[in-house]
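I have placed the structure first, in the form of structure tokens, so that the comments after it can refer back to it.
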Amino acid sequence: MSDVKLPTHSHAISALVQNETGTINRLVSMFRRRGISLASFNAGDCEQPGYSRLTITVNGDDSVLGQTIKQMEKLIDVVECQDLAPDDRVMREVALVSYYPSQISREAVLAVASEYEAKIEHDTENCLVLQYTGPVRLVEKYLEAMQTFPVREIVRSGPCVLKVSDQ
Amino acid sequence: MEALVRQGVDTIFGYPGGVVLPLYDEMLNWPQVKHVLVRHEQCAAHMADGYARATGRVGVCLATSGPGATNLVTGIATAIMDSIPMVAITGNVNSAAIGKDAFQETDIQGITIPITKHNYLVTDVNDLPRVLEEAFFLANTGRKGPVLVDIPKDVFIAMTDAPFPDKVERRGYKLAGAPPVEQVDVVAKLIAEAKKPVIIAGAGVIWSRSWESLRELAEKAQIPVINSLLGLGSFPRDHELSLGMMGMHGEAAGTLAVQEADLVMGIGMRFDDRLTGNTNAFAENAKIVHFDLDPSEIGKTVRPVAWVEGDLAESLKMLVPKVAEKRHDEWVAQVKKWQNEYPLVVPTGKFLSRTVLNSLNQHAGAHAIFSTDVGQHQMWTAQFIKFTQPYHFLSSGGLGTMGYGFPAAIGAKFAHPDKEVWAIVGDGGFQMTLQELQTAVEYEVNVKICLLNNGYLGMVRQWQELFYDNRYSSVEMGSPNFGKLADAYGLKYFQCSRVEDLEETLKQASAHDGPVLCEFVVEMEENVFPMVPAGKSNSNVIMDPALTNGEDYNAVHASWETGHGRRVPGAESEHTSDDVYASGTVTK
Ligand SMILES: Cc1ncc(C[n+]2csc(CCOP(=O)(O)OP(=O)(O)O)c2C)c(N)n1
Ligand SMILES: [Mg+2]
């Protein structure tokens, strides 16, 4: 499935950071202080021990983006950081949706879920959980469809981005 | 302690407490490092800052956990705003107690994240040698700044064989490489094309030690040089191309020159709002060029057409040979005309802060270090003391921290025992940190305090007068009897409230071997001009009313023609009897 373009004012930044006490705090503090609003923030271990790879999405024009990247690079913990254009990245998000089985038509819900190849992750008398992973725009369409039924809870992971360009 | 000695630290400013006891105990074994016991931790940070600004070296301060650490905060914030190299060491409760609201625990790392270049909480003693080495390296390289190291008590006590690293390596911290030649070429070309160029030189010129290159550049292409507040001293004020300070209270000629220029080169400065006024109307006729070490400063507030990222020590050296010799006689003549038309003035017949500072300039301007507090007296110092050397002007520019001036002067004096050091303070700000009088007396720190007592929070009063219709609200400020106060602390005191006594007071103050408090009881309602109202365009600069209201005044210029001030061509000349503080100037 090909990646979907975000609206032009939304940017996905990938960053490699050295893990120390305060690293995430320092990043988030910088964003808050400089009035840069985050659409999402994601951090996790990566292939290099002692380092994490982050995905940050921000909304704003190019000057906001330029400042964001420069301010991030200024932080001592940030090893590298770049805005990845749609062609240079794979970007995916996970969405979990739960239902009270008693409140829905199971067949109808599973029919929509299977259109998206969403998986059943939990299935008990009181709780049905479906998991879908895909490009952000499809996640949004999927959730829209799934909300035509009375959902119990929804959670989204926020996007994760990985560089695919050769440089 | 070994880490400090390795870094060549000779003086640290601090205050003890429970969790730093192990360090204070160990200190007794290291006589080569002098510990200065302050009276408030905020002042330990300001002293370290003053020490750094006067030397270009890292200043070090030390505090205990909890309240000790939080008391440092104002001083650290002051340092980050002005990119001052500082290492702040704080103790914390035992590692095991962290996060449990132990006695005197505070999350100083969390608190100082937004106001440090970097900070550390060291939980393993084996990391300590590396962290301390890194802290000094980070503080003093690249764009400098304060670094805080928080050390739990048990880590102070623990022993380690971990070696100090030979070299600091952080993947996320790369020093600027050589600036791209193409960028420098573009600038050289813009200079060649310019008819009305000006340079605005900031503190970056000082911290990168590139004042020689700046001077070569200015002279080679005959470009007038304006300084940002903190750039004062990076270009000699008595140089014929110097226009003094730029900004809200900058000298009019510089402000007008920037508005009229076709090329404005910001060098090692950050186009701060106090300097640019309304950015939309800033240098409207000019192409803006920006030289800075910190890429995030480029394009942050104004949009340059060309820029050179990197260390000025390299970029200016690259630029100078590429710039052709050039004259801008007409432009320079125009700028000088403005200087003559709108000089700084000292109205006569009154005892003003300006009267005192103009005199102090003639008395000590050429050689002394001056630190200031924040307020009207700070702006007058920047205007009237004609700085000719780097590291001689210490002032809180970015944060505007009242209470900074006096402790910073103490820090500078520890660094330069042989230099005359003056703290210029207001009655408001001095009362914020005057407990350090005891520190000065105890350590026999020979600082001269020039207290300009106008009975007001003068700068705030000026705004209330001009922008709030004279409605004075909480700006009248009572003071203690400063003579008795000086007595109580045991230091020399002079009071002066007449022009006739001024010269003698300054002479005796300088001659006295020890700290001196000179209280100058000055006119209460004196205003700082020129002034660009906040948020307004620099073209809306308000000139000193004394220039037009028929008042008598002495015009004060930098001293390249007569040595002390200069005759205003065209004005009918008639020397005043007050030659003492206005020698070479004329009365209108
Ligand atoms: C810690 C702090 N509090 C408040 C201010 C706001 N402020 C700026 S200048 C000023 C007045 C300073 O008065 P004084 O020290 O007497 O100096 P003067 O302006 O009279 O020369 C004030 C209150 C500040 N800069 N710093
Ligand atoms: Mg005052």
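The values are calculated or read from the model by the stated rules, or taken from the named source; none is laboratory data. Bear in mind the structure is a predicted one, so any value in this text is a computation, not a measurement. Heads up, the Cβs are rebuilt from the backbone with ideal geometry, glycines too, and the neighbour counts pull from every protein chain shown. Surface areas here come from the heavy atoms of the whole protein model, side chains and all, with no ligands, DNA or RNA. Shrake-Rupley method; radii C 1.70, N 1.55, O 1.52, S 1.80 Å.
Remarks
- No other residue among B:Thr505, B:Thr439 is assigned to a helix (DSSP H, G or I) and under 18 Å from B:Gly405 (Cβ atoms) apart from B:Thr439.
- Annotation: B:Ala440 fulfils all but one of (1) out of contact with any Asp or Glu (no Cβ under 8 Å at 6 or more places or on another chain); (2) within 14 Å of ligand 1 (Cβ to nearest atom); the unmet one is (2).
- Every test in (1) open to solvent by less than 20 Å² (accessible area, probe 1.4 Å); (2) within 14 Å of another protein chain (Cβ to nearest Cβ); (3) in a strand (DSSP E or B) is passed by B:Trp307 save one, and that test is (1).
- The criterion of being assigned by TED's automatic domain parsing to the domain that holds B:Gly375, within 16 Å of ligand 1 (Cβ to nearest atom) and touching a His at 6+ places or on another chain (Cβ under 8 Å) does not hold for B:Gly478.
- Test: residue in the range B:446-453 that is more than 8 Å from ligand 1 (Cβ to nearest atom), modelled with pLDDT of 95 or more and either assigned to a loop (DSSP other than H, G, I, E, B) or more than 22 Å from B:His46 (Cβ to Cβ) (or both): yes
- Some residue of the range A:68-77 being within 14 Å of another protein chain (Cβ to nearest Cβ) and part of a strand (DSSP E or B): no
- Among residues of the range B:454-468 being outside any helix (DSSP H, G or I) and either within 14 Å of chain A (Cβ to nearest Cβ) or open to solvent by 30 Å² or more (accessible area, probe 1.4 Å) (or both), the one that is farthest from ligand 1 (Cβ to nearest atom) is B:Tyr468.
- Which listed residue, of A:Phe41, A:Phe31, is assigned to a helix (DSSP H, G or I) and more than 7 Å from every other protein chain (Cβ to nearest Cβ): A:Phe31
- Filter result (touching a residue at least 12 places away in the same chain (Cβ under 8 Å), surrounded by fewer than 18 Cβ atoms within 10 Å (Cβ to Cβ) and not in a strand (DSSP E or B)) within the range B:22-38: B:Pro22, B:Glu26, B:Asn29, B:Trp30, B:Gln32, B:Val33
- Flag for B:Ala511 being more than 15 Å from ligand 1 (Cβ to nearest atom) and crowded, with 16+ Cβ neighbours inside 10 Å: no
- Residues located in the range A:86-121, provided they are open to solvent by less than 30 Å² (accessible area, probe 1.4 Å) and part of a strand (DSSP E or B): A:Arg89, A:Met91, A:Glu93, A:Ala95, A:Val97, A:Ser98, A:Tyr99
- Extreme residue, nearest to B:Val374 (Cα to Cα), among residues of the range B:421-432 that are touching a helix residue (DSSP H, G or I) at 6+ places or on another chain (Cβ under 6 Å) and more than 12 Å from ligand 2 (Cβ to nearest atom): B:Ala423
So that you can scan it fast, the table gives a plain yes or no per residue for (1) free of Cβ contacts under 8 Å to residues at least 24 places away in the same chain; (2) within 20 Å of A:Arg137 (Cβ to Cβ); (3) away from chain B (no Cβ under 14 Å); (4) in contact with a strand residue (DSSP E or B) (Cβ under 6 Å, 6 or more places away or on another chain):
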| site | (1), (2), (3), (4) |
| --- | --- |
| A:Arg26 | no, no, no, no |
| A:Asn59 | no, yes, yes, yes |
| A:Arg92 | no, yes, yes, yes |
| A:Leu110 | yes, no, yes, no |
| A:Ser114 | yes, yes, yes, no |
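- Check on B:Arg130, more than 17 Å from B:Ile89 (Cα to Cα) and in the same structural domain as B:His46 (by TED's automatic domain parsing): no
- Test: A:Glu80 is in contact (Cβ under 8 Å) with a residue 24 or more places away in the chain, open to solvent by 50 Å² or more (accessible area, probe 1.4 Å), under 27 Å from A:Ser14 (Cα atoms) and facing chain B (nearest Cβ under 10 Å): yes
- Number of positions in the range B:373-388 that are among the β-branched types (Val, Ile, Thr), more than 9 Å from ligand 1 (Cβ to nearest atom) and touching a Gly at 6+ places or on another chain (Cβ under 9 Å): 2
- Subset of the range B:433-453 that is within 12 Å of ligand 2 (Cβ to nearest atom) and either within 14 Å of another protein chain (Cβ to nearest Cβ) or under 19 Å from the mean Cα position of the chain (by Cα) (or both) - its residue that is nearest to B:Ile369 (Cα to Cα): B:Leu451
- Whichever residue in the range B:138-165 is under 21 Å from the mean Cα position of the chain (by Cα) and more than 12 Å from chain A (Cβ to nearest Cβ) and, among such residues, is surrounded by the most Cβ atoms within 10 Å (Cβ to Cβ): B:Pro146
Yes or no, residue by residue, for (1) within 14 Å of chain A (Cβ to nearest Cβ); (2) not in a helix (DSSP H, G or I):
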position: B:Ser296; (1), (2): yes, no
position: B:Gly299; (1), (2): yes, yes
position: B:Met318; (1), (2): no, no
position: B:Pro321; (1), (2): no, no
position: B:Glu325; (1), (2): no, yes
position: B:Glu330; (1), (2): no, no
position: B:Ala333; (1), (2): no, no
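- Restricting attention to the range B:403-433, the residues that are within 16 Å of ligand 1 (Cβ to nearest atom) and crowded, with 24+ Cβ neighbours inside 10 Å add up to 17.
- Residues that are within 16 Å of ligand 2 (Cβ to nearest atom) and either open to solvent by 70 Å² or more (accessible area, probe 1.4 Å) or within 14 Å of chain A (Cβ to nearest Cβ) (or both) within the range B:474-489 comprise B:Ser474, B:Glu476, listed in sequence order.
- In the set B:Asp329, B:Asp418, only one residue is over 16 Å from B:Ser510 (Cβ atoms), of a type in the set (Asp, Glu) and modelled with pLDDT of 95 or more; that residue is B:Asp329.
- Elements of type helices (runs of 4 or more DSSP H) contained in the range B:49-134, each with 1 or more residues being within 14 Å of another protein chain (Cβ to nearest Cβ) and either open to solvent by less than 10 Å² (accessible area, probe 1.4 Å) or among the aromatic types (Phe, Trp, Tyr) (or both): B:108-112
- Residue in the range B:375-390 that is in a loop (DSSP other than H, G, I, E, B), open to solvent by 10 Å² or more (accessible area, probe 1.4 Å) and of a type in the set (D, E, K, R) present: yes
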